[in-house]
Amino acid sequence: MTKEFICIVCPRGCHVLVDDAGNISGNQCKRGETYVKNEMTNPKRVVTTTVRTVFEEIPRASVKTLEAIPKGLIYQAMDLINQVVITKEMKIGEVVIENILNTGVNVVLTKEIKRKEVK
Amino acid sequence: MIKEIVVIGGGASGLAAAIAAKKKNKDVLLIEREAELGGILNQCIHNGFGLEVFKEEYTGPEYAYKFIEEFNSLDIEYLLNATVIKLDKVDDIFIITLSSEKLGLSEIKAKAVVISSGCYERTRGQITMPGDRPRGVITAGSAQRYLNINGFLVGKKVFILGSGDIGLIMARRMHLEGAEVLGVAEIMPYSNGLNRNIVQCLNDFDIPLYLSHTVTNVESDEFKRLKAITIQEVDSRFNPIKGTEKHFSVDTLLLSIGLIPDITLLDDFDIDVDPKTKSAKINQAYETTVNGLFICGNSLQVHDLVDNVSKESSRAGTSAADYIDGLVTSRQKIKIIPKENILYVAPQYLDFGWSFKELIISFRSSKKLEKAAIKIYQGEKLVYQKRRTFIVPAEMEQVSFPYSELSKDEDLRVELEEL
């Protein structure tokens, strides 16, 4: 039986087909093939969320896992990220959690924190 | 003092337009009503932005920052916390009335104006939804702002009406923040969101998507808070089918039922409006039927990819600069008309006074097509054709082709032929 995946690597959303022999078709680029192989073996997702700060004018700052982490670890990652509180000025890309859940992936800021007022 | 170009709105669109105009050495002023630049991108903390423009995958705030950095490096003048409340044109000069805490009520004059004011969300008032009128019915974008900017989760038990991208993104976001997301209902037989969002936001977390369903009752408790909703399957004419009722106890109903270009500033102008895009009709230079008044980004047509907003707005900014430089000659134009399987096209006019090499047409299909040929005719003559696969209304398509060979007398017709 042929299995259909919708590739989510880019917004194009190719419909990728995998037949019984493992032949992959329908992807418009190489990344689609890699995506489907991963989805079948070890699905991963980038987690994007926010962390608290102590600054009144920026109560929340957005963060992301710098790379995709195993799908099964998303909830545990959220729990850890929700414990973070930013207390100083930081730039985009600065690490807020190193090597989250031993995935080798850092959680980094996606928003610059420019100090305006300390609570 | 008269500015050469005033850009209204400092989101993805306005930033790109202002940068492009400044790079053509124009005197540019950008006006933003919020306390920071970046617009809606600041609350779109999910990733997937920038693949087309930067070949990288950024989150909304990161994507905005790329443009804000370039904007700042060019020393473009801008105002924050300033809301434009009125736009007029007297002779050849635009008069922009703005209100801000710092400047009070003030007037700015400009030779050209670029509107990049984005879009707003349709609310409950714009659709028919029977039942009570409790608190807890809120647009998905408002809930997104409360959560991602202010840090408040608006509810614990959530249902979502409409499968637009913001609704899908918020389904995942609220689920991950601990809310119970019971489902998404979409009145159409297909989703209005991007495929990737269906996969990543719903399927990943087993959140059900009820296609051809809508909300048919809303119940409030004694404190006028949302208590429960009913959804029902609809037939092909969107009438609810008896016996398909499903009840959900919820404290929040998020609405993701469409976006409408914000063109309130054009109210005082006698411009051509396209009922399909619900925005001004434009020519290929993103100029409205008022000379020197340009419009781009989500205030022109609601986009699904910010990358397209940036590219389009950059072209609009360049056009505004060309207008200032007096590069526009005649005003001879033809219409570009959407035909078979096409929901809308932009631009709606091709103006031969503008000397571009390529005509770029954005459009959306009116239905899902597995295989199709995009065909553009002038009279009987086929002037462009290209095959595409997987065309869906949720995704904007674009074609571009040289137009120097086109006749200046006959209109263009754009069709999608199903193959």
task = Could you tell me whether any residue of the range B:233-252 is modelled with pLDDT of 95 or more, surrounded by fewer than 20 Cβ atoms within 10 Å (Cβ to Cβ) and under 29 Å from residue B:362 (Cβ atoms)?
result = no
inquiry  = Being within 12 Å of chain B (Cβ to nearest Cβ), surrounded by fewer than 15 Cβ atoms within 10 Å (Cβ to Cβ) and not in a loop (DSSP other than H, G, I, E, B) is true for just one of A:75, A:35. Which residue is that?
reply    = A:75
ask   = residue B:152 versus (1) within 14 Å of chain A (Cβ to nearest Cβ); (2) surrounded by fewer than 24 Cβ atoms within 10 Å (Cβ to Cβ); (3) touching a Ser or Thr at 6+ places or on another chain (Cβ under 7 Å): which is the lone unmet condition?
value = (3)
query = Among the residues of the range B:22-73 satisfying the criterion of being at pLDDT below 95 and either buried (at least 22 other Cβ atoms within 10 Å of the Cβ) or basic (Lys, Arg) (or both), which is nearest to the chain's Cα centre (by Cα)?
reply = B:49
ask   = Is one or more of the residues making up the range A:55-66 surrounded by 15 or more Cβ atoms within 10 Å (Cβ to Cβ), under 18 Å from the mean Cα position of the chain (by Cα) and more than 20 Å from residue B:44 (Cβ to Cβ)?
value = no
remark   = Reported set for the range B:186-236 where residues are under 23 Å from residue B:155 (Cα atoms) and of a type in the set (Gly, Ala, Ser) is B:193, B:220, B:228
When residues of the range B:279-309 are limited to those that are more than 14 Å from every other protein chain (Cβ to nearest Cβ) and part of a helix (DSSP H, G or I), the one surrounded by the fewest Cβ atoms within 10 Å (Cβ to Cβ) = B:298
Unique residue being crowded, with 19+ Cβ neighbours inside 10 Å, within 14 Å of chain A (Cβ to nearest Cβ) and at pLDDT below 95 when the list is B:209, B:194, B:176 = B:194
key: Members of the range A:78-118 that are within 10 Å of another protein chain (Cβ to nearest Cβ) and polar (S, T, N, Q)   = A:82, A:110
message = under 15 Å from the mean Cα position of the chain (by Cα) and of a type in the set (D, E, K, R): which single residue out of A:94, A:98, A:89, A:112 fits that description?
response = A:98
remark   = Residues in the range A:44-54 that are surrounded by fewer than 20 Cβ atoms within 10 Å (Cβ to Cβ) and either of a type in the set (Phe, Trp, Tyr) or at the interface with another protein chain (Cβ under 10 Å from one of its Cβ atoms) (or both) total 3
Check on residue B:4, among the acidic types (Asp, Glu) and not in a strand (DSSP E or B) = no
task = Run down B:371, B:339, B:357 and say which single residue is surrounded by fewer than 19 Cβ atoms within 10 Å (Cβ to Cβ) and in contact (Cβ under 8 Å) with a residue 60 or more places away in the chain.
result = B:339
For residue B:223: the one exception among (1) surrounded by fewer than 17 Cβ atoms within 10 Å (Cβ to Cβ); (2) touching a residue at least 40 places away in the same chain (Cβ under 8 Å) = (2)
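The values are calculated or read from the model by the stated rules, or taken from the named source; none is laboratory data. Keep in mind it's a predicted model, so treat the numbers as computed, not measured. We place every Cβ from the backbone using ideal geometry, glycine too, and count neighbours over all the protein chains shown.
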